[in-house]
1. Could you list, ordered by first residue, the pairs with Cβ atoms under 8 Å in which the first is in the range 90-108 and under 12 Å from Val41 (Cβ atoms) and the second is open to solvent by less than 70 Å² (accessible area, probe 1.4 Å) and among the hydroxyl-bearing types (Ser, Thr, Tyr), at least 6 apart or interchain?
2. Identify all residues within the range 44-87 that are in contact with a Phe, Trp or Tyr (Cβ under 7 Å, 6 or more places away or on another chain) and not hydrophobic (A, V, I, L, M, F, W, C); write none if there are none.
3. Taking the range 56-80 on its own, how many of its residues are under 14 Å from Tyr44 (Cα atoms) and either free of Cβ contacts under 8 Å to residues at least 24 places away in the same chain or among the basic types (Lys, Arg) (or both)?
Amino acid sequence: MNTKLKNFTKVLLGVAVLGAGAGASIATANMKSNTKQTTMVGKYGTNDWRIVNPSDEGTTWECRPTGDVCTSNLKPNATPNPDGSYNDSEVNIPSESQNQHFADLTNQ
């Protein structure tokens, strides 16, 4: 009887370890997905969104008054165009106007 209890305990421990491993891999996948989802992009033009670094605002780019939208975030699993830009359909475009437009300071 004692041997059966030990074997049952080993099985339960194995299931717990497998469950923890699966949970960790799901958490890692979710972190990668969330990272991409919250990637900030600036609107250079229609269907021309490019990744921007939020900490570079005021240095390499800025939002200026007037216009419809300046920045937003990529949708999950957004796929870039060959040139690295993203189409409007890949971006969580705010439904309300921000009255701002994106300005690339490196090309001025």
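The values are calculated or read from the model by the stated rules, or taken from the named source; none is laboratory data. Note that the structure is a prediction, hence the values are computed from the model and not measured. Note: ideal-geometry Cβ built from the backbone for every residue, glycine included; neighbour counts use all protein chains shown. What goes into the accessible areas is simple: the full protein's heavy atoms, side chains included, and nothing from ligands, DNA or RNA. Shrake-Rupley method; radii C 1.70, N 1.55, O 1.52, S 1.80 Å.
1. Going by the 8 Å Cβ cut-off, the qualifying pairs are Val91/Ser72; Asn92/Ser72; Ile93/Ser72; Phe102/Thr71.
2. Tyr44, Arg50, Thr71, Pro80, Ser85, Tyr86
3. Looking only at that region, the number is 1.
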